[in-house]
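The values are calculated or read from the model by the stated rules, or taken from the named source; none is laboratory data. None of the values given here were measured: they were computed from a predicted structure. Don't worry about glycine lacking a Cβ; one is built from the backbone with ideal geometry, like all the others, and counts go over all protein chains shown. Each accessible area value is taken on the protein alone, full model and side chains, heavy atoms only, with ligands, DNA and RNA left out. Shrake-Rupley method; radii C 1.70, N 1.55, O 1.52, S 1.80 Å.
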Amino acid sequence: MTSTAPTTRPREDLKILYDYELTNCPGKSIVALELGYKPNGTSPPHRHAGATAVAYVLEGEFLSGMNGNPPQVYKAGEHFIERPGCHHTVSDNASEITSMKAIVILIVDTLVLKTEKGYAALMEIDEGYE
């Protein structure tokens with residue numbers, strides 16, 4: 001993939017809602033994020049540190065494309081899953097007028113969160129985008 005210059009579009013807003021180590025799945029943690037996009041907001045292409053991620057749209061419309069497949073629009077009340085190793089190539093607010101908000105639940109190796117990067121390790125942005 002050819003890298004491009006960083007975008008001037010508004011970037012995502014992330015808020016950690018919770019983080020628990022799963023006692024019934026040793027070595028795994030569950031992390032919940034609130035993801036928000038302002039109108040025309042975007043995230044650069046990325047992966048999620050080998051995590052399984054499930055996104056549930058609370059409001060607005062989420063334009064999501066994975067592994068080079070055509071992007072799809074997910075509306076409030078809809079969800080999608082990113083499997084471990086998935087390349088999230090398009091992650092945008094589908095609207096230039098209204099905001100978008102989603103809850104993202106990640107199941108991740110606990111050790112990933114205990115690196116010096118901490119939660120920042122959950123979003124591995126493609127080289128050349130930051």
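Just to be sure, is ILE97 more than 18 Å from ASP126 (Cβ to Cβ), open to solvent by 60 Å² or more (accessible area, probe 1.4 Å), not acidic (Asp, Glu) and not in a strand (DSSP E or B)? The answer is yes for ILE97. Scanning segment 1-19 for residues that are open to solvent by 70 Å² or more (accessible area, probe 1.4 Å), at pLDDT 95 or above and closer than 11 Å to ASN93 by Cα returns a single hit, ARG11. Within segment 100-111, the set of residues being under 17 Å from LEU22 (Cα atoms), open to solvent by 30 Å² or more (accessible area, probe 1.4 Å) and of a type in the set (A, V, I, L, M, F, W, C) comprises ILE105, ILE107, LEU111. I'd like the residue in segment 20-57 that is within 19 Å of TYR129 (Cα to Cα) and in contact with a helix residue (DSSP H, G or I) (Cβ under 9 Å, 6 or more places away or on another chain) and, out of all such residues, is modelled with the highest pLDDT. Looking at the filtered set, the residue picked out is HIS48. Residues in segment 21-35 that are aliphatic (A, V, I, L, M) and either farther than 13 Å from ILE105 by Cα or open to solvent by 50 Å² or more (accessible area, probe 1.4 Å) (or both): LEU22 alone. Restricted to segment 79-94, and to residues there that are in a strand (DSSP E or B) and of a type in the set (A, V, I, L, M), the residue that is nearest to GLY68 (Cα to Cα) is VAL90. So in segment 48-60, with the set limited to residues that are crowded, with 19+ Cβ neighbours inside 10 Å and not hydrophobic (A, V, I, L, M, F, W, C), which one is nearest to the chain's Cα centre (by Cα)? Once the filter is applied, the top-ranked residue is HIS48. Check TYR129, TYR74 and return the single one that is touching a strand residue (DSSP E or B) at 6+ places or on another chain (Cβ under 6 Å) and either open to solvent by less than 70 Å² (accessible area, probe 1.4 Å) or modelled with pLDDT of 95 or more (or both). Testing whether each residue is touching a strand residue (DSSP E or B) at 6+ places or on another chain (Cβ under 6 Å) and either open to solvent by less than 70 Å² (accessible area, probe 1.4 Å) or modelled with pLDDT of 95 or more (or both) leaves just TYR74.
Of the residues making up segment 113-125, not a single one is under 12 Å from the mean Cα position of the chain (by Cα), among the small types (Gly, Ala, Ser), at negative phi and assigned to a strand (DSSP E or B).
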